[in-house]
Amino acid sequence: MEHVQSELVTAAALEGRGILPKATAYKMARAGQLPSYAVGTRGRGVRFRVEEVLAALRRPVTGIAAQ
């Protein structure tokens, strides 16, 4: 049985669902703050799992940014 939320979605889909802006998703993924998956033959496409993104956004901020 397939769960809709476990599917891989684009940053644009995250933005369309009102989760966070597309540019922020890419920036946070590059910084290792959001789990992401490389897709495509060259691995240049980036996809996200909605439930993983939501969990990451719920985590408390630590370090300099929290001060």
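We did not get these values from a lab; they are worked out from the coordinates using the rules stated. Not measured: the values here are computed from a predicted model. Methodologically, a virtual Cβ is constructed for each residue, glycine included, from the backbone with ideal geometry; neighbour enumeration extends over all protein chains shown.
Of all residues in segment 17-67, which are assigned to a helix (DSSP H, G or I), small (G, A, S) and out of contact with any helix residue (DSSP H, G or I) (no Cβ under 9 Å at 6 or more places or on another chain)?
Passing the criteria: A55, A65, A66.
Cβ-Cβ distance below 7 Å, separation of 6 or more or different chains: which pairs start in segment 23-37 with a residue that is of a type in the set (G, A, S) and end on one that is assigned to a helix (DSSP H, G or I)?
Going by the 7 Å Cβ cut-off, the qualifying pairs are A25/A11; A25/L14; S36/A29.
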